[in-house]
1. Taking Cα atoms, how many degrees apart are the long axis of helix 36-55 and the longest axis of the chain, rounded to 10 and kept between 0 and 90?
2. Cβ neighbours within 10 Å, averaged per peptide: list 153-161, 28-36 in order, most packed at the top.
3. Quote the relative contact order of the range 32-169 in percent (integer), defining contacts as alpha-carbon pairs under 8 Å separated by 6+ residues.
4. Note the listed values (1) -0.35, -0.51, -0.82; (2) -0.40, -0.58, -0.90; (3) -0.39, -0.54, -0.79, then indicate which one is log10 I(q)/I(0) by the Debye sum over Cα atoms at q = 0.10, 0.12, 0.15 Å⁻¹ calculated from this particular structure.
5. Quick one: if you stick a label point 7 Å off each Cα along the C-beta vector at residue 86 and residue 130, how many nm between them?
6. Among 70-77, 102-109, 39-46, how do they line up from the highest to the lowest mean number of other beta-carbon atoms within 10 Å?
7. Report, in whole Å, the centroid distance computed from the Cα atoms of the range 110-170 and the range 34-92.
8. May I ask for the angle, rounded to the nearest 10°, between helix 59-88 and the longest principal axis of the chain, with both axes built from Cα atoms and the value confined to 0 to 90°?
């Protein structure tokens with residue numbers, strides 16, 4: 001009589017882990033050194049700019065498309081970050097950068113298609129993400145992918161507010 005294994009099929013686990021690492025690293029940007037978060041933020045800005053310059057959508061279409069992208073990064077990124085954190089055995093591993101993509105896209109949400117605002121959104125988001133003002137630092141304490149992602153969501157919201165104010169001042 002053969003003993004049955006209660007362990008899941010290895011191919012299924014590898015696919016789940018591969019998917020999570022692909023999303024969590026934003027298709028490998030998380031492996032770039034140095035400053036993998038900055039590389040991921042730059043990739044997010046470049047994707048936003050490529051979409052906007054290629055299609056020239058109306059401002060509301062650009063914002064709506066970006067909002068859908070943000071929602072997708074949150075829906076996929078939180079579980080992917082949780083799996084990557086668990087599999088790596090490290091808390092908030094540096095190669096998980098899907099949170100930077102979500103935060104950067106939030107910072108760009110209402111930006112006009114102008115390189116100056118894109119650069120301002122990039123610099124502000126990176127600076128705020130590094131400094132982590134209240135409540136961003138506290139959000140890091142949330143469990144798993146929630147803590148990994150939501151501190152960057154807070155940084156993105158701060159940057160969005162500042163960039164939006166800058167649009168009206170200048």
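Laboratory data are not the source of any read-out in this text; all were calculated from the coordinates shown. A quick note: this is a predicted structure, and the numbers were derived from the prediction, not measured. Note that we place each Cβ from the backbone using ideal geometry, even for glycine, and neighbour counts take in every protein chain shown.
1. Tilt relative to the chain: about 60 degrees.
2. Listed from highest to lowest mean packing, they are 153-161, 28-36.
3. Relative CO of the range 32-169 lands at 31 percent.
4. Structure-derived value, by its label: (3).
5. Calculated label separation equals 3.4 nm.
6. Values: 70-77: 17.9, 102-109: 28.6, 39-46: 21.8.
Descending packing order for the listed peptides: 102-109, 39-46, 70-77.
7. Value for the Cα centre distance between the two parts: 13 Å.
8. Taking the Cα atoms of the chain, the angle to 59-88 is about 30 degrees.
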